[in-house]
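*Asks:* This is the structure I want to talk about, given as structure tokens.
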Amino acid sequence: MAALKVGVLISGRGSNLQALLDAAAAPGFPAKIVAVVSNKADAGGLERAKRAGVPAFAIPHKDYKDRESFDRAVDACLREHGVEFICLAGFMRLLSDWFIGQWADRIVNIHPSLLPSFKGLHPQAQALAAGVRLSGCTVHIVRPELDSGPIIVQAAVPVMPDDTPETLEARILTAEHRCYPLALRLIAEKRVHVEGDVVRVDGAAPSADALFHPKAV
Ligand code: GAR
């Protein structure tokens, strides 16, 4: 099976992009990153793409008169490079309904919370404020509403009593770097099936272990 051609949209440092690039560099990985686009010219992730030999483009949203004209420029760039599937990796812009319609069920996002909890900005601070004992990350199919759509992979991490938003962010990020390559592999192997508002994953081993936190001693 030919490798799935993936475009990655970023806005910042690109550590999730790096996890995808590293995974895709492994022999036999079923997806290939063929283009990286940032809406910010100074995004650190652009350098990561160039180092990996992947075409990288800055398309500053500020240069466009409205959301859809920016989205059309991104769409044209991705198509020019043969992109078949899009991963949002710290891409901090809402996409228009037009763009999401063009790429229906072919865009995924990673978010640092156990969705549908804590959508939007500062989800780690939201988790601390809510006093949850477990948080984590979610890879999901993108739908027009912010941080919404059928869930493909989640990982849970404990929230420690002395956590700050930064320490929790770092713990979740470690999980993100495992989740995103896993999700992309499942997608590229055509094992991810969107059925209405949920995803069915073929042949994945479900984990029946519950994670208790704190543990009774
Ligand atoms: C990641 O934690 C990602 O989950 C989050 O931004 C960070 C980007 O880091 N995305 C969102 O909050 C989207 N709603 P990275 O640039 O190092 O991958």
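The values are calculated or read from the model by the stated rules, or taken from the named source; none is laboratory data. What you are looking at is a predicted structure, and each value in this text was computed from that prediction instead of being measured. Cβ placement follows ideal geometry from the backbone for every residue including glycine, while neighbour counts extend to all protein chains displayed. These accessible areas exclude ligands, DNA and RNA; they are computed on the full protein's heavy atoms, side chains included. Shrake-Rupley method; radii C 1.70, N 1.55, O 1.52, S 1.80 Å.
*Asks:* Scanning segment 105-133 for residues that are within 13 Å of the ligand (Cβ to nearest atom) and touching a residue at least 60 places away in the same chain (Cβ under 8 Å), which turns out nearest to the chain's Cα centre (by Cα)?
*Replies:* Filtering segment 105-133 for residues that are within 13 Å of the ligand (Cβ to nearest atom) and touching a residue at least 60 places away in the same chain (Cβ under 8 Å), the one nearest to the chain's Cα centre (by Cα) comes out as ILE110.
*Asks:* I would also like to ask the following. Return the pairs, sorted by first residue and then second, in which the second residue is away from the ligand (no atom under 16 Å from the Cβ) and open to solvent by 50 Å² or more (accessible area, probe 1.4 Å), the first residue lies in segment 87-104 and is in a loop (DSSP other than H, G, I, E, B), the beta carbons are less than 6 Å apart, and the residues are 6+ apart or on different chains.
*Replies:* SER96/ARG67; SER96/GLU68
*Asks:* Now a separate question. Of the residues ALA129, ALA125, ALA89, ALA76, only one is within 15 Å of VAL8 (Cα to Cα) and out of contact with any strand residue (DSSP E or B) (no Cβ under 9 Å at 6 or more places or on another chain); which?
*Replies:* Answer to the selection: ALA76.
*Asks:* Hey, another quick one. Kindly check whether there is at least one residue in segment 108-115 that is surrounded by fewer than 17 Cβ atoms within 10 Å (Cβ to Cβ) and either farther than 25 Å from ALA24 by Cα or of a type outside the set (S, T, N, Q) (or both).
*Replies:* no
*Asks:* Let me spell it out: the conditions are (1) farther than 21 Å from ARG178 by Cβ; (2) within 15 Å of the ligand (Cβ to nearest atom), and GLY12 meets all of them except one. Which number is the exception?
*Replies:* (1)
*Asks:* Next up: Quick one: would you say VAL142 is among the β-branched types (Val, Ile, Thr) and either in contact with a Cys (Cβ under 8 Å, 6 or more places away or on another chain) or more than 11 Å from the ligand (Cβ to nearest atom) (or both)?
*Replies:* So VAL142 fails the test.
*Asks:* Might you check whether a residue that is acidic (Asp, Glu) and away from the ligand (no atom under 16 Å from the Cβ) occurs anywhere in segment 18-40?
*Replies:* No: segment 18-40 contains no residue that is acidic (Asp, Glu) and away from the ligand (no atom under 16 Å from the Cβ).
*Asks:* Would you be able to say whether some residue in segment 37-47 is of a type in the set (Gly, Ala, Ser) and loosely packed, with under 14 Cβ neighbours inside 10 Å?
*Replies:* yes
*Asks:* GLY82 passes all but one of (1) open to solvent by 20 Å² or more (accessible area, probe 1.4 Å); (2) in contact (Cβ under 8 Å) with a residue 60 or more places away in the chain; (3) closer than 21 Å to VAL192 by Cα; which number fails?
*Replies:* (3)
*Asks:* OK, next. Could you check segment 126-145 and list, in sequence order, the residues that are among the aliphatic types (A, V, I, L, M) and either open to solvent by 40 Å² or more (accessible area, probe 1.4 Å) or within 19 Å of ARG106 (Cβ to Cβ) (or both)?
*Replies:* LEU128, ALA129, ALA130, VAL132, LEU134, VAL139, ILE141, VAL142
*Asks:* What are the pairs with Cβ atoms under 6 angstrom where one residue, in segment 9-32, is in contact (Cβ under 8 Å) with a residue 24 or more places away in the chain and over 17 Å from GLU169 (Cα atoms) and the other, located anywhere, is away from the ligand (no atom under 11 Å from the Cβ) and of a type in the set (Phe, Trp, Tyr)? Sequence gap at least six, or different chains.
*Replies:* Every condition considered, the pairs that remain are ALA23/PHE29.
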